[in-house]
Amino acid sequence: MINIGVLGTGYVGLVTGACLASTKTNIVTCMDIDDSKIELLKEYEMPIYEQDLELLVRQNCHDYRLFFDWDIPGCLDTFDVIFIAVGTPTAADGSVNLDYVQSACNMIREYCTSRKVIVMKSTVPVTTHEKMEDWLGHKHTIISNPEFLREGTAVYDFTHGDRIVVGTVDGMPDPIMKAVYTDHLDKVIWTDNASAEMVKYASNCLLAAKLALWNEIAVLCGETGANIHDVKTGVGADSRIGPRFLLAGPGYGGSCFPKDTRGLHQMFTEHMKGTKYGKLIKAVIDSNDYHKSQTFRLLWSATLNSWRADMKIAIIGLAFKGGTDDVRESPTHALLEQMDNQLADYETVVIDPVATELPETRKPVELTTDLVKGLKGADVVVLMTEWQQYKNIDIGFVKSLMRGNIIVDARNMWSRAECERNGLVYYGIGC
Ligand code: UDX
């Protein structure tokens, strides 16, 4: 049996802990300094919306393989392996704030009397493992094990993901980590700590760059008469590129891509001073920031000639993507803020099945889970989040609820032809 402790029950820590506990030879305790969160988890109250998570937590708690505890000093020394899954937010200067990582290391240094395997799960700048050696007093074994879980499908990704990257001091397999991942050994890629740390940034930044360029190409399609759906079919057929991650949208958001692109840029600034390297990732960041206004620009031109004092704008989707309640860097937040700053009187209603956190705006924004209520009397419907339950909706029914006839589809989720057949005027991103 491997006795595992997970420090931090945020999105990464909770999913990782719950999934690791499914391996029969692992016993996992998820810990957090927020004792109220731990008490709620003991009652199976999930702090995040994530498909299959609650069921997994219930099962593994019931089988006595998963526990929750807030008494970190009291239990830290009982573990063989400690995963660190604390937040690594962006600091004011764009760098990654490692304060929470450092305080986790301080606790381990203070309360662990025997040598432990310390696994870094949070995304940290390359070379952070060297800092951790100092923070941990050179007394423990440091493993770099980045996560690649997509929100909304994280539990599925844990068992069906493409790879598990494990970085060790000498790049050689570590026997305890082999035991931790015994059910998934065929997926493990062994490497050194720095390379493992870099894999995470390189993966997310390549995906972000692919999306940013794709969104620009989609906008250009709209200007030139090309159709992004057909272009995707043609481009995606090239096996070197592939069809995935080629859905044009309102700009990427979430907890990873925006933070990791900024983090990589900061690393270039720090390690490659005086060179021209790092400009490409900066361009990706700037492109996505600019593209996040594209939906507002579409809305503006769509309503230019039909604006009315009591305009009702219904926005479908608040979360940064479908399948999650996460609104971090959500394009809908950006849209609501732009509307608030730049439009005169209007009524807004946001429809989302699970997300609830609205940005602070001067003008009131109504939030509902009820699609019919939200769409009733709308002059404009703006599609922002690709919730699958709204994908195959009867467009005629949508039209029957609306007062106006404008659709701004920032996810290219509905069909222009179908909308036009039902008397709607359709605006997409390049289609
Ligand atoms: C991402 C990575 O995929 C994952 O491996 C990593 O560990 C965490 O960050 P996540 O942020 O949950 O996962 O979502 P993902 O599905 O990758 O989407 C990221 C953003 O890109 C979202 O805003 C999404 O809407 C957008 N996106 C994704 C598109 O606009 N088009 C696409 O084709 C794919």
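A few remarks follow.
- Restricting the stretch 293-324 to residues that are in a loop (DSSP other than H, G, I, E, B), buried (at least 23 other Cβ atoms within 10 Å of the Cβ) and not β-branched (Val, Ile, Thr), the residue that is nearest to the ligand (Cβ to nearest atom): PHE320
- When the test is whether a residue is touching a residue at least 12 places away in the same chain (Cβ under 8 Å), buried (at least 16 other Cβ atoms within 10 Å of the Cβ) and within 26 Å of GLU151 (Cβ to Cβ), PHE83 passes it.
- Yes/no for THR261 being within 12 Å of the ligand (Cβ to nearest atom), out of contact with any Asp or Glu (no Cβ under 9 Å at 6 or more places or on another chain), assigned to a helix (DSSP H, G or I) and within 21 Å of THR88 (Cα to Cα): yes
- The residues listed here are ASN26, ASN97, ASN106, ASN3; of these, the one that is under 19 Å from the mean Cα position of the chain (by Cα) and either modelled with pLDDT of 95 or more or buried (at least 18 other Cβ atoms within 10 Å of the Cβ) (or both) is ASN97.
- Number of residues in the stretch 130-159 that are assigned to a helix (DSSP H, G or I), modelled with pLDDT of 95 or more and either buried (at least 22 other Cβ atoms within 10 Å of the Cβ) or of a type in the set (Ser, Thr, Tyr) (or both): the value is 3.
- Wholly enclosed strands (runs of 3 or more DSSP E) of the stretch 325-431 bearing at least 2 residues open to solvent by 10 Å² or more (accessible area, probe 1.4 Å): 365-368, 425-428
- Residue-level analysis places ILE217 outside the set of residues that are within 15 Å of the ligand (Cβ to nearest atom), part of a strand (DSSP E or B) and either over 18 Å from the mean Cα position of the chain (by Cα) or buried (at least 19 other Cβ atoms within 10 Å of the Cβ) (or both).
The values are calculated or read from the model by the stated rules, or taken from the named source; none is laboratory data. Just so it is clear, the structure is predicted and the values come from calculations on it, not from any experiment. Counting neighbours? That spans all protein chains shown, and the Cβs are built from the backbone with ideal geometry, glycine included. Keep in mind that these areas ignore ligands, DNA and RNA; they rest on the heavy atoms of the full protein, side chains included. Shrake-Rupley method; radii C 1.70, N 1.55, O 1.52, S 1.80 Å.
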